[in-house]
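Data first, discussion second: the structure below is written as structure tokens.
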Amino acid sequence: MLDTKRRLLLKGSMAAGSVGAAVGAGLLTPQLVLAQWNESAFKARDISTALTDLLGDDAPETSDKIKIKAPDIAENGAVVPITVETDLEDVTSITIIASKNQTPLIASFELSETALPFVSTRIKMAETSDVVAVVKAGDKLYQSAKNVKVTIGGCGG
């Protein structure tokens, strides 16, 4: 058993050392490792601009097939648990928006065609507002919203 732990430690050390050497030599840069990021959408100050930059459209249709699970009252806006799932077919992305945040676009998840249309995360909310889930299914956008009351703001408030 001791020998197995030693081998595991040696393998991990070798892997970490190799990555460190590659970063130090400039062969591996963080931009190559990180996922694609739509900077203009995530820095947008309004929902319409964020959705247009991210999904190419800013007019989602309201759907009761999208279910948002979030607390009615969040005691701390710094950590608000959110779950979004849908029964819609051909879902390719799920986007989460906090409508009154300074930058409302919180997260966007690209899904493969074999993935279940379900995401769960924790978000920051500046104040009481609607949490909006926008689902792209086929070529159409659908949305649903849930109001979450925040007692202590999580974005510096």
Exercise. Over the stretch 86-157, with every protein chain in place, what whole percent of the accessible area is carbon and sulfur at 1.4 Å, could you tell me?
Key: 46
Quiz prompt | Under 5 Å, built H, 5+ apart or other chain: amide partners of S93 | solution = L111, K136
Quiz item: Within the stretch 34-71, what residues put their amide N at less than 19 Å from the label point 7 Å along the Cα-to-Cβ vector of E89?
Solution: 61, 63-67
Practice problem: Between beta-carbons, use under 12 Å as the cut-off and find the net charge around D46, counting Lys and Arg +1, Asp and Glu -1. | Solution: +1
Quiz prompt | Vicinal HN-Hα couplings computed from phi for the stretch 121-138 (Karplus, 6.51 cos²θ - 1.76 cosθ + 1.60; Hz; Gly/Pro x) | solution = 7, 10, 10, 9, 10, 6, 7, 4, 6, 7, 9, 10, 10, 10, 10, 9, 10, x
Practice problem: Per residue, how big is the convex hull around the C-alpha atoms of the stretch 63-157? Give it to me in cubic angstrom, could you? | Solution: 78
Quiz item: Along the Cα-to-Cβ line of T62, 7 Å from the Cα, sits a label point; which residues in the stretch 94-135 have backbone N less than 16 Å from it?
Solution: 130-135
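The values are calculated or read from the model by the stated rules, or taken from the named source; none is laboratory data. Because the structure is a prediction, the values reported are computed rather than measured. Please note: Cβ atoms are built from the backbone with ideal geometry, for glycine as well, and neighbour counts cover all protein chains shown. The protein model used for the area step is the full one, side chains on, heavy atoms only, and it has no ligands, DNA or RNA in it. Shrake-Rupley method; radii C 1.70, N 1.55, O 1.52, S 1.80 Å.
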